[in-house]
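Student: My questions will all concern the structure given below.
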Amino acid sequence: SLLRNSAVELSRRSEGTANDEQTQSQPQKQFHLGQFEIGRPLGKGKFGRVYLARERKSGFVCALKVLYKNEIKKGGVEKQVQREIEIQSNLRHPNVLRLYGHFHDSKRIFLILEFAGKGELYKHLQKEQRFPEWKAASYVAQMALALQFCHKKHVIHRDIKPENILVGIHGELKISDFGWSVHAPSNRRKTMCGTLDYLPPEMIDGLWYSEKVDLWSLGVLMYEFLVGVAPFEDSMVLTPRRIKRAEYTIPKSVSTEARDLITKLLVVDPEKRITLEAVQAHPWIVKYCVKGERLSTEKS
Ligand SMILES: CCc1cccc(CC)c1NC(=O)n1cc2c(c1)/C(=N\C(=O)c1ccc(N3CCN(C)CC3)cc1)N=N2
């Protein structure tokens, strides 16, 4: 019975359901700043900074994201922060950055986040300029798994780009910053800040959209991994026009299988875009990511 219980417990945790024992038996723990030793700053964003931190009693290492209430008010993003907390604390997946809890004082909101030991993906991409196909395929496969998990819970991320992806200590990807995520379907109009490069055609026109927006962004991400620049990178006037017509070219350096997957993701009609299941079964992904199968077939 001990083994059975632990197996049940494990399977329940791996399903990522938030109703495991921990949450059922104990109400969400209350945290406060004094519980943490604050370490070096890890990064800073528009509305706050993130620090390495350690919970004093347990020694648990995490990342403490500090958001300033007046900045959030000025930016009119209270709803987004609320949504980020609500959505991310209920998502438990190895490729989604965990939000363990949150607390606030008079001036600040604190998010207790999983520590991703290898930092921001976009800095790795900048340094390497572009990724070799085996690495890009592994990253696309991990993103497809993470998005499949989110979409099963009807969560659309809507802001998939290298700046919002962190790298764990073992090189695994962690989607973070659910500030723009929503429950599908939606047509939430919010002034888009930052790059337009990753926006799908249906969001440019403010039409109703579904989880399929994340597949378009996955195509833009895959292109940028392999080429080093985004496919529609252009002027503020030309980029939206090129996105709406899916006007892009793929350099000869990109393999035929990779080219095939990019063209199945960057499709203007959301309903005609490849599914996340089909992405994971695509020859370019299988070739680099399903090692066991290939080796075993080679052996036999
Ligand atoms: C407030 C900062 C911010 C604004 C907006 C969006 C996001 C998500 C990406 C974030 N970051 C965020 O929420 N973050 C949550 C996080 C997090 C950021 C993080 N790690 C790091 O930022 C990091 C940076 C550099 C690093 N090193 C760089 C040098 N190397 C030699 C060794 C490793 C190692 C870790 N772990 N959880």
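Throughout, read-outs are computed from the coordinates displayed, never taken from laboratory work. Computed from a prediction, not measured in an experiment: that's the story for all the values here. Using ideal geometry, Cβ is built from the backbone for each residue, glycine included, and neighbour counts are taken over all protein chains shown.
Student: Hey, can you tell me all the residues within the stretch 236-253 that are without any contact (Cβ under 8 Å) to a residue 40 or more places away in the chain, of a type outside the set (D, E, K, R) and part of a loop (DSSP other than H, G, I, E, B)?
Tutor: Selection gives Val237, Tyr248, Thr249, Ile250, Pro251, Ser253.
Student: Right, here's the next one. Go through the stretch 71-93 and give me each residue that's in contact with a helix residue (DSSP H, G or I) (Cβ under 8 Å, 6 or more places away or on another chain) and either at positive phi or not hydrophobic (A, V, I, L, M, F, W, C) (or both).
Tutor: Answer for the stretch 71-93, where residues must be in contact with a helix residue (DSSP H, G or I) (Cβ under 8 Å, 6 or more places away or on another chain) and either at positive phi or not hydrophobic (A, V, I, L, M, F, W, C) (or both): Glu78, Gln80, Arg83, Glu84, Gln88, Arg92, His93.
Results for (1) part of a helix (DSSP H, G or I); (2) of a type in the set (A, V, I, L, M, F, W, C); (3) touching a Leu at 6+ places or on another chain (Cβ under 6 Å); (4) more than 10 Å from the ligand (Cβ to nearest atom), shown as yes or no for each residue.
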site	(1), (2), (3), (4)
Tyr139	yes, no, yes, yes
Arg158	no, no, no, yes
Glu163	yes, no, no, no
Gly171	no, no, no, yes
Lys174	no, no, yes, no
Gly179	yes, no, no, no
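Student: Let me ask something else about it. Considering Ala230, Ala246, which residue is away from the ligand (no atom under 16 Å from the Cβ) and within 30 Å of Phe115 (Cβ to Cβ)?
Tutor: On inspection, the qualifying residue turns out to be Ala230.
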